[in-house]
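Input: a single structure, listed below in C-alpha cells.
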Amino acid sequence: MEKVLITGAAGFLGSHLCDRFLKEGYHVIGMDNLITGNLDNIEHLFALKEFEFYNHDVSKFVHVPGDLKYILHFASPASPIDYLKMPIQTLKVGSLGTHNLLGLAKSKNARIIIASTSEVYGDPLVNPQPEEYWGNVNPIGPRGVYDEAKRFQEAITMAYHNYHGLETRIVRIFNTYGSRMRVDDGRALPAFFSQAIRGEGITVFGDGSQTRAFCFVDDLVEGIYRLLMSDYHLPVNIGNPDEVTIKEVAEEVLALVGNEKAHIVYKDLPKDDPKVRRPKIDKAKEILGWEPTVSRTEGLKRTFEYFKKVVK
Ligand code: UDP
C-alpha cells in the first residue's frame, strides 16, 4: 500500500483529506500537534489499520519510517484569531515546518503539496485575484505572521523544485467551510452559525460590505486531490468565485437557522481585514478540469447540520 503523510491531520481540511486518501486506497499517516486541531475530527479513523497518527510538531525534525508516496502539508493555525494568539508558532510551522517536510520529501523521493492561501494576496488591489498577482501584504500587521509564513513557504517550495528538482505542488486556498470547523475558531461562518443557534448577536465586523467567496469543503478536497495528481508545479487557486458581502452571508445564516432571538450586531473591523477577495479559477478549470459544484445554499445547509450537533 502506498503511504501518504498528512500534516494538520486533526484539523478541518487535514481530517477531510485523511478521509479522501483512505477512500482512494492509501495508507495514511496523520500528524498534528493538536494546538488547533481536534482528535474528534479523526476519531473514526483510529480503528482502521490503514491509518496511523503521530502527535508531533512539524516545526521540529520530522521522522517517518519507510517509503512515502505523497506529503500534504496542511498544518498551521488558519484563523485570524488563532494566529494572533500564536504568532510565533504560525511563523514556525509555515517556515521551519515546511523546510522539514521538503527535506523529508527529498529524502523519500516523495511528491509534496503545500497549503498556501489567498492571504498571499493580502488586501488585494485587483479583484478577482489571478495567480499572477503578487499581492498587497503588510508584513508587520496582525496578519503578517500568517501571510509572510505562507509567502516564505511558497518561495522555499519553489526553491526545492528548481534547485533539487523536487516534485512540488502549491495550492492557494480561498475561504472554505463545512463540517469540522472549530466552533470557536473566530472565523465568519463558525461564529455566525454558533451565534445564530444560541440566539445571540451575530457579530458582523465593520459595516459588513467586505466580500469573500466561500468554497464548500468537498469541492476544495477534490481540487486539492486533482492538483496533487497533476503535473503542474506553479501555484493554483482553489476556491469558489461566488463572491458575497459578509453582511449577506450573515443574513443567509440567520434565515437558515431561523432562531428569532438572533440578530446582527456590528463590531469594529479588525486591522488589515481584506476588503475584497475572490479567486480567479481559470487555471484550475483548464489544468485540472475542476470547478466548484456545491452552491452556497446547499453548502450552508449541510454545514448547519454539523453545527447543530456540535454547538452547545
Ligand atoms: N467576520 C465578521 N464577524 C466575525 C468573524 C469574521 O464579520 O465574527 C468577517 C471578517 O472581518 C472578514 C470576513 O468575515 O471580513 C471573513 O473572516 P474570516 O475570519 O472568516 O476569514 P478571513 O477571510 O478574513 O481570513
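The values are calculated or read from the model by the stated rules, or taken from the named source; none is laboratory data. As the structure is a computational prediction, the values presented were derived from the model and not from experiment. Cβ: placed from backbone, ideal geometry, glycine included. Neighbour counts: every protein chain shown. Heads up: the accessible areas ignore ligands, DNA and RNA and are worked out on the full protein's heavy atoms, side chains in. Shrake-Rupley method; radii C 1.70, N 1.55, O 1.52, S 1.80 Å.
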Subject >> Quotient of Cα Rg and 2.2 N^0.38 Å for the chain, N being how many residues it contains >> reply: 0.96
Subject >> Alpha-carbon gyration tensor eigenvalues x 5, square-rooted, for the range 30-186, Å >> reply: 25, 21, 14
Original post:
Based on the alpha-carbon gyration tensor of the range 70-117 and its eigenvalue square roots a ≥ b ≥ c, which shape applies: rounded if a/c is under 1.5, prolate if not and a/b is larger than b/c, or oblate?
Top reply: prolate
Original post:
To the nearest 500 deg cm²/dmol, what mean residue ellipticity at 222 nm is calculated for the chain from DSSP H runs of n ≥ 4 alone, each contributing -39,500 (n - 2.57), summed and divided by the residues?
Top reply: -10500 deg cm²/dmol
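Against the 2.2 N^0.38 Å scaling, with N counting residues, where does the range 214-269 land? I'd like the Cα-based Rg ratio to two decimal places.
Relative to the 2.2 N^0.38 Å estimate, the range 214-269 comes out at 1.67.
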Original post:
With the dipole of the range 1-93 worked out from charges on the C-beta (+1 for Lys and Arg, -1 for Asp and Glu) around the Cα centre, which of Phe74, Ala47, Phe21 lies farthest toward the positive end?
Top reply: Phe74
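Please compute the per residue accessible area over the chain with all protein chains in place, 1.4 Å probe, rounded to a whole number of Å². Could the numbers behind the result be given before it?
Working: 13530 Å² over 312 residues.
Value returned for the chain: 43 Å² of accessible area per residue.
Dipole of the chain, Cα-centred, from +1 at each Lys and Arg C-beta and -1 at each Asp and Glu C-beta, to the nearest 20 debye?
Values: 38 positive and 41 negative charges, 82 e Å.
Here the chain has a charge dipole of around 400 debye.
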Original post:
Using alpha carbon centroids, what distance separates the range 245-272 and the range 182-231, in Å?
Top reply: 13
Original post:
Between the range 1-77 and the range 115-155, what's the alpha-carbon centroid distance in Å?
Top reply: 26
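Translational diffusion coefficient of the range 40-82 at 37 °C, 0.692 mPa s, Stokes-Einstein with Kirkwood Rh over Cα pairs, in µm²/s as a whole number.
Reported coefficient: 249 µm²/s.
Using Cα pairs under 8 angstrom and six or more residues apart, how large is the relative contact order of the range 67-173, in percent?
Across the range 67-173, relative contact order equals 36 percent.
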Original post:
Of the peptides 207-214, 55-62, how do they stack up when ordered by the mean number of other Cβ atoms within 10 Å, highest first?
Top reply: 207-214, 55-62
Subject >> Lysine pairs within the range 196-312, Cα separation less than 29 Å, 8 or more sequence positions apart or different chains >> reply: 27
Original post:
Which residue, chosen from Thr303, Pro292, Ile281, occupies the Cα position most advanced towards the positive end of the dipole of the range 271-312, where the dipole is computed from +1 (Lys, Arg) and -1 (Asp, Glu) charges on Cβ about the Cα centre?
Top reply: Thr303
Original post:
Given the range 8-146, what count of lysine pairs have C-alpha atoms under 22 Å apart, with each pair 8 or more places apart or on different chains?
Top reply: 11
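What relative contact order, as a whole-number percentage, does the chain give when Cα pairs under 8 Å and 6 or more residues apart are counted? List each step's numbers first, then the result.
Values: 647 pairs, mean separation 54.4, N = 312.
Relative contact order, the chain: 17 percent.
Mind running the shape call on the range 203-308? Use the C-alpha gyration tensor, a ≥ b ≥ c as the square roots of the eigenvalues: rounded below 1.5 for a/c, prolate if a/b tops b/c, oblate otherwise. Before the final figure, lay out the partial values.
Details: a/c = 3.07, a/b = 1.68, b/c = 1.83.
It comes out oblate by the Cα gyration axes.
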**OP:** Over every pair of different alpha-carbon atoms in the range 1-111, take the mean of 1/r and invert it; report that Kirkwood radius in Å.
**Re:** 13.9
Subject >> Rounded percent of accessible protein surface that carbon and sulfur make up, the chain, 1.4 Å probe >> reply: 53
**OP:** Would you mind computing the Rg to Rh ratio of the range 121-246 from its alpha-carbon coordinates, Kirkwood style for Rh?
**Re:** 1.00
Original post:
If you count the DSSP beta bridges with both ends in the chain, what percent of them are antiparallel, to the nearest 5?
Top reply: 10
